[in-house]
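In what follows, a single structure is set out as structure tokens and then discussed.
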Amino acid sequence: MKWKIPALVSIASIAWAVPSAAKDIAVAAGSGAQERLQEALILAQPGDVVMLGEGRFDLTDGLSLDVAGVTVKGAGPDKSVLSFKGQMAAGEGLLVTSDNVVLRDFAVEDSRGDAIKSKGADNIVYHNIRVEWTGGPKETNGAYGIYPVESENVLIDSVLVIGASDAGIYVGQSRNIIVRDSIARFNVAGIEIENSFNADVHDNVATKNTGGILVFDLPNLPQQGGHNVRVFDNVVVENDTPNFAPKGNIVASVPSGTGVMVMANRDIEIFDNVFDGNGSSNIMIIGYRQKFDDAKYQPTVRNVRISDNAHGKTGFAPQFAGGEMLAAAFGGSVPPIIWDGVGGAEAKVYSSDEVPVLNLGLAKSDQPIETAQPALAKLAGDAAPKLPKIVMPAAMEAAIR
């Protein structure tokens, strides 16, 4: 198995698509940084690079970028720091709403809302970025660290996110996604792919989160039917942080000690990952359990292949309803893989991992857990054809070399 801890170091950029008049716009830290930096983001033209100098940028309001083809580049995630500790109003630290943008080599700290959000921004690159809430895991921290939504072609590479009260690295309602070589720790969800199509999540480290990696599909959103997601070559260990999400958030229901959770998705592959020290379960495959009024929504899981994962200690401290009784019934720990059983053989949930699988025996996703009929199960078989590798446009890959 191939995996690595990402090195969060500055790498020289290669131009995205640079007109002849493209220029570097240098912005130094220090007095007046808020106004000077926002002005640079407003006045930048396609092909320009907004260069963040070394030092701490003490900001009192959110920043926004709506010019296509701009790179925002710092001197490194420990050298160029956008601090929102003094942010006066709620909202994002940095909001991007334009295409062909590269964000790299800087840090965002202590935003009141999401740290970096991009909405409707196609061909967006996040590279060598640190996002952190420096006071540790708290409900009052911003919800999301890296937060692209409603986009096509999303590349997240070599980022570090610490302390998000929802998801550290989140991609929602998007298509063609790569999340790789990144670290998520002390978040509620380390990495989350939600209502999205065609994603590769690989070579990441998810540790000390409530849940390591989530693949969800939710009702009442413009894009539904999440599918074609591969989760592979990740290290998902010791996800034991108590859930600190605000009440009412969907991730508030994620049990502490969850490795990978797939909910209401289809065509999923989970392979070549390392799991260890996740107290509830290494892999949970479940349907959507809450009430919903969306006639188009499909709440169950279909076509999941689990293979070639390394399973260490797990299930020793389950934090979900009935977990203690299940652990007692199975010799002191819950099996590494849990499936709710909804759909039976027609759901095509298969595992070739040589570890026990617990089938909860539920007939419907929203069936009370107290009515489960748990039993060990063999999920031998082969799902639909293997999913294709996700490939980004060459210019996006070139932008981080």
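The values are calculated or read from the model by the stated rules, or taken from the named source; none is laboratory data. Keep in mind it's a predicted model, so treat the numbers as computed, not measured. Counting neighbours? That spans all protein chains shown, and the Cβs are built from the backbone with ideal geometry, glycine included. Quick note on the areas: whole protein, heavy atoms, side chains included, nothing else; ligands and nucleic acids left out. Shrake-Rupley method; radii C 1.70, N 1.55, O 1.52, S 1.80 Å.
It is to be established whether one or more residues within region 73-91 are within 12 Å of ALA44 (Cβ to Cβ), open to solvent by less than 50 Å² (accessible area, probe 1.4 Å) and among the β-branched types (Val, Ile, Thr).
Within region 73-91 (the criterion being within 12 Å of ALA44 (Cβ to Cβ), open to solvent by less than 50 Å² (accessible area, probe 1.4 Å) and among the β-branched types (Val, Ile, Thr)), the answer is no, since none of the residues qualifies.
Take the residues of region 305-321 that are open to solvent by less than 30 Å² (accessible area, probe 1.4 Å) and touching a helix residue (DSSP H, G or I) at 6+ places or on another chain (Cβ under 8 Å): which is farthest from VAL251 (Cα to Cα)?
The residue in question is GLY315.
What's the total number of residues in region 251-289 that are closer than 21 Å to TYR144 by Cα and in contact with a strand residue (DSSP E or B) (Cβ under 7 Å, 6 or more places away or on another chain)?
9
Scan region 240-293 for residues that are assigned to a loop (DSSP other than H, G, I, E, B) and either closer than 17 Å to HIS202 by Cα or open to solvent by 40 Å² or more (accessible area, probe 1.4 Å) (or both) and report the count. I'd like the intermediate steps shown before the answer.
Here is the first cut: in region 240-293, the ones assigned to a loop (DSSP other than H, G, I, E, B) are 240-249, 254-257, 264-265, 272-273, 277, 279-280, 287-293.
After this cut, where a residue has to be either closer than 17 Å to HIS202 by Cα or open to solvent by 40 Å² or more (accessible area, probe 1.4 Å) (or both) as well, the list is 240, 242-243, 247-249, 272-273, 289-293.
Adding up the residues that qualify gives 13.
For region 165-175, give me each residue that is open to solvent by less than 10 Å² (accessible area, probe 1.4 Å), free of Cβ contacts under 8 Å to residues at least 60 places away in the same chain and more than 11 Å from the chain's Cα centre (by Cα).
Residue satisfying the conditions is SER174 alone.
Has region 193-201 got any residue that is in contact with a helix residue (DSSP H, G or I) (Cβ under 8 Å, 6 or more places away or on another chain), at pLDDT 95 or above and not basic (Lys, Arg)? Show your work before the answer.
Step one: filter region 193-201 for residues in contact with a helix residue (DSSP H, G or I) (Cβ under 8 Å, 6 or more places away or on another chain), giving none.
Within region 193-201, none of the residues are in contact with a helix residue (DSSP H, G or I) (Cβ under 8 Å, 6 or more places away or on another chain), at pLDDT 95 or above and not basic (Lys, Arg).
The rows are residues; the columns are (1) assigned to a strand (DSSP E or B); (2) at positive phi; (3) among the aliphatic types (A, V, I, L, M).
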residue: ARG56; (1), (2), (3): yes, no, no
residue: THR60; (1), (2), (3): no, no, no
residue: GLY76; (1), (2), (3): no, yes, no
residue: VAL81; (1), (2), (3): yes, no, yes
residue: MET88; (1), (2), (3): no, no, yes
residue: GLU92; (1), (2), (3): no, no, no
residue: ASP99; (1), (2), (3): no, no, no
residue: ARG104; (1), (2), (3): yes, no, no
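Name, by its number, the condition in (1) part of a helix (DSSP H, G or I); (2) buried (at least 20 other Cβ atoms within 10 Å of the Cβ); (3) more than 17 Å from the chain's Cα centre (by Cα) that does not hold for ILE338.
For ILE338, the failing item is (1).
For region 130-151, state whether one or more residues are in contact (Cβ under 8 Å) with a residue 60 or more places away in the chain, crowded, with 24+ Cβ neighbours inside 10 Å and of a type in the set (Val, Ile, Thr).
No, there is no match, as no residue in region 130-151 is in contact (Cβ under 8 Å) with a residue 60 or more places away in the chain, crowded, with 24+ Cβ neighbours inside 10 Å and of a type in the set (Val, Ile, Thr).
Quick check on region 107-118. Is at least one of its residues over 22 Å from ASN187 (Cα atoms), part of a loop (DSSP other than H, G, I, E, B) and open to solvent by less than 10 Å² (accessible area, probe 1.4 Å)? First the steps, then the outcome.
The first filter runs over region 107-118 and keeps only residues over 22 Å from ASN187 (Cα atoms), leaving none.
The answer is no, given that none of the residues of region 107-118 is over 22 Å from ASN187 (Cα atoms), part of a loop (DSSP other than H, G, I, E, B) and open to solvent by less than 10 Å² (accessible area, probe 1.4 Å).
Here are GLU152, GLU109: which of them is more than 26 Å from THR207 (Cβ to Cβ) and of a type outside the set (Lys, Arg)?
Numbers: GLU109 fails: more than 26 Å from THR207 (Cβ to Cβ).
From the options GLU152, GLU109, the qualifying one is GLU152.
For (1) within 17 Å of the chain's Cα centre (by Cα); (2) within 15 Å of GLU194 (Cβ to Cβ); (3) charged (D, E, K, R), each residue gets a yes or a no:
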position: GLY248; (1), (2), (3): no, no, no
position: VAL251; (1), (2), (3): yes, yes, no
position: VAL262; (1), (2), (3): yes, yes, no
position: ARG266; (1), (2), (3): no, yes, yes
position: VAL274; (1), (2), (3): no, no, no
position: ALA295; (1), (2), (3): no, no, no
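Output the number of residues of region 294-315 satisfying the condition of being part of a strand (DSSP E or B) and out of contact with any Phe, Trp or Tyr (no Cβ under 8 Å at 6 or more places or on another chain). Let's see the steps before the verdict.
Filtering region 294-315 for residues part of a strand (DSSP E or B) gives 302-307, 310-311, 314.
Keeping just the survivors that are out of contact with any Phe, Trp or Tyr (no Cβ under 8 Å at 6 or more places or on another chain) gives 302-303.
The total comes to 2.
Does any residue in region 176-192 that is on the phi > 0 side of the Ramachandran plot and modelled with pLDDT of 95 or more come within less than 6 Å, Cβ to Cβ, of a residue that is in a strand (DSSP E or B) and of a type outside the set (Phe, Trp, Tyr) six or more places away or on a different chain, and which pairs are these?
ASN176/GLU152; ASN176/ASN153; ASN176/ASN198; ASP181/ASP157; PHE186/ILE162
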